[in-house]
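Beneath this line is the structure, given in structure tokens, with notes to follow.
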Amino acid sequence: MRFKFYYWSMIVYELVVKPLLGLEVFVTEKDMKRRTLEIAILLNQKFRNKKLTVVISLKGAKWFANEVIKHLSPELDIRIVNVRIKSYREDKAGQIQVLLDLDKNDIIGRDVVVIEDIVDSGITIIHLISMIKAKGGCAITVVAMIDKPNDHDKINSEVNEFIVGFVYKEKKFLIGCGLDYDEFFRLLRNLYKIPKLWKIRLFVKIVKFFKP
């Protein structure tokens, strides 16, 4: 039953929703799978015979993290934990709210890989790096699905390595592969650019209005 619903919802999406909203493919499912496998291979080589904790930044990075983690070697001494941090708009830069904190016992004395969805201003990731160091983490590696080119000198100086899935230079909103708009579109298998954000806003409002 669940499979049939997913199957028909994907048909409706491809034939109706996608053309209606004018979505543009940025990264295909095939390219995303290829890149997550490449990143996992790098991590397997880098952390062989080491104690590793993978920190997943919720909610956006969960999908991407799962794609990477499923290719990690079962021989790795690995712990997987979640963290959730909210940063406010640029005009309130520096205001951070930790919604889900890390347990020191999962971090102390271990190498840490932080998996993020998008690194843009760097406010959130820099705060998270400081949290990990304060809890006794060793070498820190940041893995970002999307990097928006910015002044990341601060990040590079604080971490052992900064691994990027894809570089995105445009200002268009992205959805899919874990990225959402108002909790919609998160499970789309391709990563899409939204040329006209007003269409997405209107679509979401209509769906919410008719949703039981």
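The values are calculated or read from the model by the stated rules, or taken from the named source; none is laboratory data. Owing to the predicted nature of the structure, the values given are computational and were not obtained by experimental measurement. In this analysis, Cβ positions are derived from the backbone assuming ideal geometry, glycine residues included, and neighbour counts consider all displayed protein chains.
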Hey, LYS171 over 23 Å from LEU43 (Cβ atoms), free of Cβ contacts under 8 Å to residues at least 12 places away in the same chain, of a type in the set (Lys, Arg) and outside any helix (DSSP H, G or I) or not: yes
Residue check, ALA134 among the hydrophobic types (A, V, I, L, M, F, W, C), under 22 Å from ARG79 (Cα atoms), loosely packed, with under 13 Cβ neighbours inside 10 Å and at pLDDT 90 or above: yes
Restricting the stretch 47-73 to residues that are outside any loop (DSSP other than H, G, I, E, B) and hydroxyl-bearing (Ser, Thr, Tyr), the residue that is farthest from VAL98 (Cα to Cα): THR53
Residue in the stretch 117-134 that is over 14 Å from the mean Cα position of the chain (by Cα) and in a strand (DSSP E or B) present: no
Whichever residue in the stretch 40-60 is touching a strand residue (DSSP E or B) at 6+ places or on another chain (Cβ under 6 Å), modelled with pLDDT of 95 or more and aliphatic (A, V, I, L, M) and, among such residues, is farthest from GLY165 (Cα to Cα): LEU52
Matching residues in the stretch 167-197 - criterion: being of a type in the set (Phe, Trp, Tyr) and crowded, with 16+ Cβ neighbours inside 10 Å: TYR168, TYR181, PHE185, TYR192
